[in-house]
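This report refers to the structure that appears directly beneath it.
The values are calculated or read from the model by the stated rules, or taken from the named source; none is laboratory data. Every value quoted in this text rests on a predicted model; they were computed, and no experiment measured them. Cβ placement follows ideal geometry from the backbone for every residue including glycine, while neighbour counts extend to all protein chains displayed. The area values use the complete protein model at the heavy-atom level, side chains included, leaving out ligands, DNA and RNA. Shrake-Rupley method; radii C 1.70, N 1.55, O 1.52, S 1.80 Å.
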Amino acid sequence: MTGGSLGIHAGSYGSLLNIKNVIAGGGRLLHSKSFGSVRKNPIIMLSGSREKERSLPSIWYRYLGRRNFSMLLLVAFSVLFFVLGSFVVNKESNSPNVDQRIGTMSMAHYINATRNEASRILGRRNRQKGGDGNRFQASVSKGANHPCANFTFPPPPPPHLRRIGPRPCPVCYLPVDQAIASMPSSPSESPVLHNLTYVHDENPIKTEPHGGSDFGGYPSLKQRNDSFDIKESMVVHCGFVKGSKPGHQTGFDFDESDLAGLQQFHEIIVASAIFGNYDLIQQPRNISEEAKRNVPFYMFIDEETEAYMKNRSMLDSSKRVGLWRIIVIHNVPYSDARRNGKVPKLLLHRIFPNIRYSIWIDGKLQLVVDPYQILERFLWRQNANFAISRHYRRFDVFVEAEANKAAGKYDNSSIDAQVDFYRTEGLTPYSEAKLPIISDVPEGCVLIKEHIPITNLFTCLWFNEVDRFTSRDQLSFGMVRDKIMAKVNWHINMFLDCERRNFVIQAYHRDLLEHMPPPVAVIRHPPALPNIITRERNQGKKIPRHGKDRRSGSRHHHKASAGNRESNFF
């Protein structure tokens with residue numbers, strides 16, 4: 001996409017504004033004043049009548065009439081200005097100033113039709129530093145020879161053509177075979193932390209008046225604070241504190257037939273979950289044959305969802321629904337289905353101890369891009385080992401908390417208690433001082449992860465916050481990230497939310513789908529044919545009309561006739 005849409009609009013608007021002063025003549029542009037002088041000279045018109053009769057514009061003028069000839073000129077000049085406008089925009093889009101003018105956050109603003117303080121902060125920072133010519137380009141860390149090195153987003157549409165709400169934007173993916181070839185041959189280096197193990201406690205006891213659960217082990221505030229002191233070897237709480245291994249007598253238990261399969265080695269897995277019968281399974285699309293053979297797709301469901309699927313004949317003894325391998329969870333640790341869903345989302349490395357990469361998508365999402373292409377674009381190309389999209393509108397935890405309260409996502413007192421606790425730990429509203437970090441709030445429905453000690457620690461500590469406070473993981477993400485980044489040289493690739501919407505499509509929750517009215521069929525009748533026989537029979541005859549009706553009917557007849565001539569012409 002090269003931004004030709006701007007050329008269309010700019011050209012068409014310019015042509016409509018200026019066309020009244022310009023006409024065509026002899027293959028060149030003339031002002032209407034000069035053309036008027038030609039019409040006023042009868043000698044020239046008579047002496048050159050034979051040549052003008054041979055000219056194509058004169059023939060069209062005589063054949064089509066004055067109105068249609070003018071309309072033809074208008075269309076011709078609209079096309080001309082469209083071509084010129086497209087050329088100018090395409091030429092400008094290749095200049096470094098386009099990237100400097102727009103900026104990454106401004107792109108998010110145009111695509112998602114939202115205005116926020118981050119756009120102004122980044123714009124002001126760029127102006128102070130003189131701008132960054134590559135800010136608007138796709139970030140490529142593999143060198144200038146990468147096929148996507150010169151990929152840029154298209155320019156934003158004009159304000160009156162922007163669609164309301166978040167929308168997907170273009171993403172440059174490598175072909176699947178090239179994406180597979182770019183997979184790193186060895187794991188990424190984990191900064192500082194090299195050996196991570198987990199707390200095991202068969203009888204966890206709650207010693208402090210805070211949140212937590214038997215499943216999470218009730219870590220004390222001291223244990224919580226110590227877990228942010230990054231060392232070479234660490235032991236932390238990370239769910240599954242009971243039982244001999246995750247999924248076996250721990251709460252959140254698997255069938256015995258599934259346990260062995262979850263221990264197998266895989267380069268890549270894709271995982272999702274549906275708890276509380278809340279969503280309908282979405283089948284992935286555009287998955288390569290290579291991925292179908294080598295990348296397993298796991299869907300975790302609870303017993304309530306399993307019963308619903310069996311009653312609808314959606315699940316049989318094979319435990320497969322399309323590409324998804326169904327894993328049924330027994331003895332779920334929480335009464336809140338959303339909180340149960342955070343277990344596989346954040347603790348995949350505990351459920352699958354022998355995998356390299358994982359892509360997590362929420363149950364309401366449909367994957368529409370191959371997993372190899374996603375990993376190449378958001379991890380391997382960026383030299384990153386954890387990627388998540390930032391929220392399309394909010395980037396401040398305090399604003400996100402108020403939005404959660406207004407939407408009834410959780411009880412207000414619990415949200416206030418969590419945010420107040422973080423405030424005592426030093427959480428401040430997002431400001432320019434946090435750059436290059438551009439958001440404290442993720443859109444957490446997709447996680448792209450390399451399973452190395454530092455990323456496993458991050459999701460462990462993130463889960464502990466969800467276990468201790470509210471299940472709204474957007475509120476705790478920034479605090480955990482910042483505490484780890486303060487200790488080690490590590491970062492998270494927070495990409496545009498419109499890029500996330502490029503590779504997953506969001507569906508409605510099941511209860512909304514079932515209560516939606518069926519679509520109404522629209523019957524389109526073909527237009528009635530003109531009564532040619534009647535018109536020919538009455539041709540030359542005057543139908544008498546009386547009074548006012550005769551006058552209005554006469555005007556209507558002239559307008560209809562003119563309209564028919566114009567439509568026939570085009």
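Taking amide H as placed 1.01 Å from N in the peptide plane, residue 198 has its amide H under 5 Å from the amide H of 236, each at least 5 places away in sequence or on another chain. Computed over protein heavy atoms with a 1.4 angstrom probe, the accessible surface ordering of 190, 318, largest first, is 318, 190.
By a 1.4 Å probe calculation restricted to protein chains, residue 380 has an accessible surface near 10 Å², given to the nearest 10. For the residues 232, 189, 432, a 1.4 Å probe over the protein chains yields an accessible-area ranking, largest first, of 189, 232, 432.
Using the Cβ-Cβ distance between residue 335 and residue 289 with R0 = 56 Å, the FRET efficiency computed as 1/(1 + (r/R0)^6) comes to roughly 0.85. When both bridge partners sit in the range 195-515, DSSP labels roughly 40% of those beta bridges antiparallel.
Over the C-alpha atoms of the range 195-515, the Rg to Rh ratio, Rh being the Kirkwood estimate, stands at 0.93. Exceeding 29 Å between C-alpha atoms, which entries from my cross-link table qualify? They are 222/242; 206/245; 364/483; 231/364; 292/345. Table pairs above 29 Å Cα-Cα are 364/483; 231/364. Between residue 161 and residue 75, take the C-beta separation as r, use R0 = 22 Å, and let me know the FRET efficiency to the nearest 0.05. Given R0 = 22 Å and the Cβ-Cβ separation, E is 0.55.
The amide H of residue 329, built 1.01 Å from its N in the peptide plane, has 301, 302, 303 as neighbours under 5 Å, considering only residues 5 or more places off or on other chains.
Here the Karplus curve 6.51 cos²θ - 1.76 cosθ + 1.60, taken at θ = phi - 60°, turns the phi angles of the range 216-226 into couplings of x, x, 6, x, 6, 5, 5, 4, 4, 5, 5 Hz, with x standing for Gly and Pro. Each residue, residue 506 and residue 225, gets one label point 7 Å from its Cα in the Cβ direction; the gap between the two is 3.8 nm. Computed extension length for residue 432-residue 403: 8.2 nm, one decimal, from 0.36 nm per residue of separation with the Cα-Cα distance subtracted.
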